[in-house]
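The values are calculated or read from the model by the stated rules, or taken from the named source; none is laboratory data. Computed from a prediction, not measured in an experiment: that's the story for all the values here. FYI the Cβ positions are ideal-geometry reconstructions off the backbone, even for glycines, and counts take in every protein chain you see. Just the protein is used for accessible areas: all its heavy atoms, side chains included, with ligands, DNA and RNA removed. Shrake-Rupley method; radii C 1.70, N 1.55, O 1.52, S 1.80 Å.
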Amino acid sequence: MTAVAAFQAIASSCLRHFRLNEDALLEKRRPEALHQVRVALRRLRSAFSLFKPIVSGDEPVRLNGELRWLAAVLGEARTDHLANSRLLASALPRAQNFAARVLEKKRKRLKKDGKALRRLTATIGTKFRKDAKKFRYAAEFSRSLFADTRGARRHKTLLNAMETLQGRFGWSERPGNWCLPPGKARSGRTSG
């Protein structure tokens, strides 16, 4: 194999490596694809450097300059990704604590409203329904903060319980007319 053929084979391999990861980088924004694209560019630039005596002229110099620029841009993207990952990793415990405090506050409010259901009025029922909905929304918004297996399982259990609760104490078509579970209706109130 001649030196020119060796350079062509190596450059072709580097370009193939780049192209295999290009879609995953551009469309899916995968960090591993970014890393692999940078590796492919480094290898290609090394090939240009290694085979410099046989790859002469203005075009290889221009291409190497373009590759250097692209590698710098991708290097910045990698640095930004790592910084964001570290920032998210350090912020996650604070975000989880905040979400836990919000959820606990919403749970206490709902529990308080639930005790008031004994005095069944449209106002109390409406407040209970709204607080239940806010609690459920807060739980749904915080889903990504509890991604570990135990947290995800507990989160799913909470959402299922909230869905059941909202189903039992549903909302009829007319404001001020809320529904109790079957058999719990009081005189003058709508039953489920």
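Measuring against 31 Å, Cα to Cα, the residue pairs LYS127/LYS156; LYS28/LYS105; LYS28/LYS134; LYS28/LYS130 contain LYS28/LYS105; LYS28/LYS134; LYS28/LYS130 as the ones spanning a longer distance. Solvent-accessible area per residue in segment 6-49 equals 63 Å², computed with a 1.4 angstrom probe and all protein chains kept.
Considering only ALA72, SER46, ALA24, the residue lying farthest towards the positive end of the dipole of segment 16-83 is SER46, judged by Cα position with unit charges set on Cβ. Atom-type composition of the exposed protein surface of segment 1-90 places 57 percent of the accessible area on carbon and sulfur (1.4 angstrom probe).
Computed from the C-beta positions of ARG107 and THR149, the FRET efficiency with R₀ = 25 Å rounds to 0.65. Modelled label positions at ASP80 and ALA95, each set 7 Å beyond Cα in the direction of Cβ, lie 1.8 nm from each other.
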